Amino acid sequence: MIGTRIVVPGRKGSGHALVPLLLVMLAASAAALPAQEIRGTVYSAADSTAVSGAVVLLHRITSVSGEVVDSTTADASGRFRLTIEEAENPEVLYAAASVRGGVSYFGPILHAGMEAPDPYAIYVHEVESIEAPVTNNPVLLRHVVVSPTAHGLLQVGEIVDVAGTPGRALRTTDASIPIWSMVLPRGYQSWAPIEGGISPESITESDGRVEARATLPPNGMRLSYGYFIEGTELDFPIEYPTERFELILVGVGEDGLRGLRPGELGELPPGSEARRFVASDLEPGESVGLTIESEPVAWGPVLIAGLIGVALLGAAAISYRLARPPST
């Protein structure tokens, strides 16, 4: 989600950091029972007790945007009531959410005009402050897209999904200390955050590392950023256990792979000249990479190609998350 951290519980105390597109994908499994009213309760994920006075927001979600259309405050028993005013529209979704520590915790996803579960439950986590960045949380998925530029540089976009700590939402006691950081590839330049995860203002680059200064939800967060690399050697050091690493080349060929293997391409635009390479279950201290052919493959406007690649990576990451079994 652009500029927001969202957790959508699939059961008590669990959820996923998402974007609006994911909510649309989840709609396919939503219960199809006609109704317009949401009657629910906000609970603490720690002990299932009701949370009194919690602010609850009703989100209207489409494949391209999201907005808050109603709000209320839970009573002393954590109960709340919201109404969906719009007539049934299968392309529009609704979800109620409550915020704790800058993280929005969502209840079940609903079609407009469909009956909400009774009760409609939202589980929130209290934020725990820690003194230093987390170092034991693995990387669930790291997507990298690479394309050439007219100036001889390689344009790189990354999307990184970091695992959270089950049952705990974490932030550091000092705002100057990142909650999480990771080493960047050698030789990077002109680093910049990209929309498509936690707020770009929460992601910075310092001394060869990308740093996140935000609350880390129990089910993780997503960082998106880009940079340029000069030369033909691409090497990505692995600092944390990494479940899956995916690299997409757009408009260039490769001479050699290091720790990567060819992977299925999936759905990419016709004529994109793209190829996918993957690695799984990487351990700290390893590295993956490849050598780019010195002569780029001729292919259209490479800047647009890179941006398309980043968007596709986001969709691929979402698909991978949906395929994972729910956490407990």
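Could you pull out the trypsin sites (Lys or Arg not before Pro) across region 147-205 that fall in loop regions by DSSP (anything but H, G, I, E, B) with no more than 16 other Cβ atoms inside 10 Å?
Answer in residue order: Arg186.
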For region 177-227, which whole-number percentage of the solvent-accessible area (1.4 Å probe, protein heavy atoms only) is attributable to carbon and sulfur atoms? 46
Efficiency of FRET from Cβ geometry, Ser52 and Glu205, R₀ 35 Å, rounded to 0.05: 0.25
Spin-label model distance (nm) - Thr73 vs Ser190, 7 Å beyond Cα toward Cβ: 5.0
Grab the beta carbon distance between Glu264 and Glu293, set R0 = 22 Å, and tell me the FRET efficiency rounded to 0.05. 0.50
For region 161-260, what does the equivalent ellipsoid look like in terms of its semi-axes, each the square root of 5 times an eigenvalue of the Cα gyration tensor, given largest first in whole Å? 27, 16, 12
Hull volume per residue for region 94-193, using the convex hull of the C-alpha atoms, in Å³ is 166
Carbon and sulfur atoms: what percent of the 1.4 Å accessible area of region 64-156 do they account for? 47
Hey, with R₀ at 45 Å, roughly what FRET efficiency would Glu115 and Ile177 work out to, going by the Cβ-Cβ distance, to 0.05? 0.50
Here, Asp255 and Glu230, labelled 7 Å along Cα→Cβ, have an inter-label distance in nm of 1.9
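The values are calculated or read from the model by the stated rules, or taken from the named source; none is laboratory data. Here the structure is a predicted model, which means the values were calculated and not measured. Here the Cβ is made from the backbone with ideal geometry for all residues, glycine too, and neighbour counts use every protein chain on show. Side chains included, ligands, DNA and RNA excluded: accessible areas come from the protein's heavy atoms. Shrake-Rupley method; radii C 1.70, N 1.55, O 1.52, S 1.80 Å.
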